[in-house]
Amino acid sequence: MLQIQNQSQRPLTTAHLAQTMSLLLLSNIELRDKVMAELSVNPALELVEERICPNCRRRLTSPGACPICSLHQTDEGPIVFLSPRESYRSTPPAVQQDTPPDQEPAAPEDLTTYVLQQLSSNLNPDDRRLAIYILSSLDEDGFLQDPPAFIARATRSTLSHVDRILQLVSHAEPPGLATTGPRQALLVQLDLFPQDSPILQLARGILETFFRELGHREIEKIAANLEVSSNRVREAAAFIHDNLNPYPGRAFWGSGRQPQKGDPNVYHSPDILISHNSSDVSGPLMVEIFAPVSGWLRVNPMFSQAKSKTNNNQTDEWAKHIERASLFVKCLQQRNNTMRRLMQSLVTQQNQFILNGDRHLIPITRAKVAKEIGVHESTVSRAVAHKSVALPDGRIIPLSRFFDRSLAIRDRIKEIIKNESRPLTDDQIATLLRQANVCIARRTVAKYRSIEGILPARLRHRKGARTIE
């Protein structure tokens, strides 16, 4: 009997997980559209136009945050709460005064947008939704975190459909995205080279069979097993090193394709607001996670009561509406709870970054945060995707910046170049950084300098030029 009960509960659990993951991917604006669409098709779902705190369920009589949930707590951590208000709009004074509304600066292109632009001619609407789900679920190296079967179940797609989109994404620029790890990423990148090259065939054989040995530079062992000369193996290894990238996600953010000048405020309707307590500026930070809609969602009680009075043909249909509405409400609550726990962890760890700027960012990974809050790493990736945060100093930044491990180093590089009396080479900058216990290679300095839009030393001396136009 217990086994039968577990089997009957499994589809609902799967549907709950899949829908929660889908809702986590959405920004507040996208989530609002999703809620309104669900309200329009499901008569059992009701939006109560009443201000109620999503945390404590108290009715609110005044605008703003819940006076109970936003009170000072006993511990020293941030005060994180779900906001009853729909959104917060913050536009820099310069934009308000000088920039027409239709010419406001746009958010910088992210990896998902960059890949979708390449694939747009090959994607129909269903393909596009699946591609967005896949790209938003990648880890910071560009690898797939969930097996294709899970993606198919979560997106209600066929496995063949998922495999086709994965194939398209993996061969877009940067190649190797949405693969399972470095070896598969390198093999995908080999597909882009002429297949009749002998060195390419040898490189493929090494990657397929002797990937671990290649990583340990066991050239002689590889040569003996493949029955080729050591020089040929070294030539193939050099080809792999010089032409392929085992971490395709890094190829995008480290390319300097979009130099960032300063720290522009490019978002105007953040999903989360971090601020000081107006009554105690020196106290804990307040973290307000905005609701997608004003009011609160529930299963319409009158609809539930009326179901018992319908005929048999209508009962099943109404039961499906009620089950769907109940599932949607539960998934939305789970999504909000995950966002609350995520922000509690991030703001606690990155308090100094929030208050004092980029130099104080602590390098953390999505995997570490996921372990701390008790979820899978892919869940954190989805929760971070497409979200923005308003900071106490007025900046509005992508939530993903809390995981940018290069940010503090790039800030140091900018300071060194700002204070240089004569243009310093990347080697000299790397030496100065090592003296400050920041050990990175010259090529890494060049990459970070490119990301910040700063010209190389040989060009910076020209009339004080420092940035790439």
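Looking at ILE151, is it closer than 24 Å to GLN117 by Cα, in a helix (DSSP H, G or I) and at pLDDT 85 or above? In short, yes. Can LEU346 be described as modelled with pLDDT under 85 and either buried (at least 17 other Cβ atoms within 10 Å of the Cβ) or out of contact with any Gly (no Cβ under 8 Å at 6 or more places or on another chain) (or both)? No, not satisfied. Residues in the range 1-38 that are touching a Leu at 6+ places or on another chain (Cβ under 8 Å), of a type in the set (A, V, I, L, M, F, W, C) and at pLDDT 80 or above: LEU23, LEU31, VAL35.
When you go through GLU218, GLU213, GLU208 one by one, which is the residue that is assigned by TED's automatic domain parsing to the domain that holds SER137 and under 25 Å from LEU168 (Cβ atoms)? Result of the check over GLU218, GLU213, GLU208: GLU208.
Screening the range 32-46 for residues that are acidic (Asp, Glu) and in a helix (DSSP H, G or I) and picking the one that is surrounded by the most Cβ atoms within 10 Å (Cβ to Cβ) gives GLU38. Within the set ARG422, ARG434, ARG382, ARG442, the sole residue that is touching a helix residue (DSSP H, G or I) at 6+ places or on another chain (Cβ under 7 Å) and not assigned by TED's automatic domain parsing to the domain that holds PRO78 turns out to be ARG442.
Checked against the criterion of being touching a residue at least 60 places away in the same chain (Cβ under 8 Å) and closer than 29 Å to THR112 by Cβ, the candidates LEU186, LEU144 yield just one match: LEU186. Against the condition part of a loop (DSSP other than H, G, I, E, B), closer than 22 Å to LEU119 by Cβ and in contact with a helix residue (DSSP H, G or I) (Cβ under 8 Å, 6 or more places away or on another chain), how does LEU177 come out, does it pass? Taking the combined requirement at face value, the residue satisfies it. Scanning the range 212-231 for residues that are surrounded by fewer than 16 Cβ atoms within 10 Å (Cβ to Cβ) and at pLDDT 85 or above yields ARG212, GLU218, GLU220, LYS221, ALA224, ASN225, GLU227, SER229, SER230, ASN231.
The values are calculated or read from the model by the stated rules, or taken from the named source; none is laboratory data. Model, not experiment: these values are computed from the prediction. Glycine gets a Cβ as well: all are built from the backbone with ideal geometry, and neighbour counts include every protein chain shown.
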